[in-house]
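The values are calculated or read from the model by the stated rules, or taken from the named source; none is laboratory data. Quantities reported herein were computed from a predicted structural model and do not represent experimental measurements. Backbone-built Cβ (ideal geometry, glycine too); neighbour counts: all protein chains shown. The accessibility values were calculated without ligands, DNA or RNA, using every heavy atom of the protein model including side chains. Shrake-Rupley method; radii C 1.70, N 1.55, O 1.52, S 1.80 Å.
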Amino acid sequence: MSPRPVLMSDRKGAPEGETGVVTKTRPKTQRPPLYKVLLLNDDYTPMEFVVHVLERFFGMSHAHAFELMLTVHKKGVAVVGVFSFEVAETKVAQVMDFARRHQHPLQCTMEKE
Ligand code: TYC
């Protein structure tokens with residue numbers, strides 16, 4: 001007995017000879033825009049303070065925070081996280097407020113990805 005190929009006309013209710021293309025509708029989902037939070041270098045903010053900021057507000061390990069702080073120190077700027085608008089705005093405000101309260105000139109900004 002040789003196997004017989006499965007045909008569209010084998011579908012229940014499909015009349016002999018009917019062919020069709022299987023389609024799927026894909027509803028357009030809206031993804032919210034993302035924002036990069038950037039940390040800027042300066043000559044005065046102590047390195048340990050920046051490391052503490054990265055640990056405290058961005059949940060980084062000490063090792064990761066130290067490495068990223070050094071990247072900002074050497075390159076001038078680095079992305080420290082990517083978030084929704086509201087979360088990015090909150091992180092920037094938290095960092096700026098914390099730096100101001102400690103009288104350090106550290107700058108933190110955000111930009112659309
Ligand atoms: N450049 C600073 C120093 O030498 C350290 C520093 C690193 C400052 C990163 C800001 O975002 C910064 N003390």
Open item on the list: Considering only residues that are more than 11 Å from the ligand (Cβ to nearest atom) and within 24 Å of D97 (Cβ to Cβ), which ones fall in the range 16-44?
Closed with: L34, Y35, K36, V37
- [ ] Would you be able to tell me the number of residues in the range 23-38 that are surrounded by 10 or more Cβ atoms within 10 Å (Cβ to Cβ), part of a loop (DSSP other than H, G, I, E, B) and of a type in the set (V, I, T)?
- [x] 0
Task: Condition met for Y44 (at pLDDT 95 or above, of a type in the set (F, W, Y) and under 24 Å from E113 (Cβ atoms)) - done: no
Task: Answer residue from the range 45-94, given it is within 10 Å of the ligand (Cβ to nearest atom) and of a type in the set (G, A, S) and is surrounded by the most Cβ atoms within 10 Å (Cβ to Cβ) among those - done: A78
- [ ] Could you run through the range 95-113 and say how many residues are assigned to a helix (DSSP H, G or I), open to solvent by less than 70 Å² (accessible area, probe 1.4 Å) and out of contact with any Cys (no Cβ under 9 Å at 6 or more places or on another chain)?
- [x] 2
Task: Condition check for A88: in contact with a strand residue (DSSP E or B) (Cβ under 7 Å, 6 or more places away or on another chain), assigned to a strand (DSSP E or B) and at negative phi - done: no
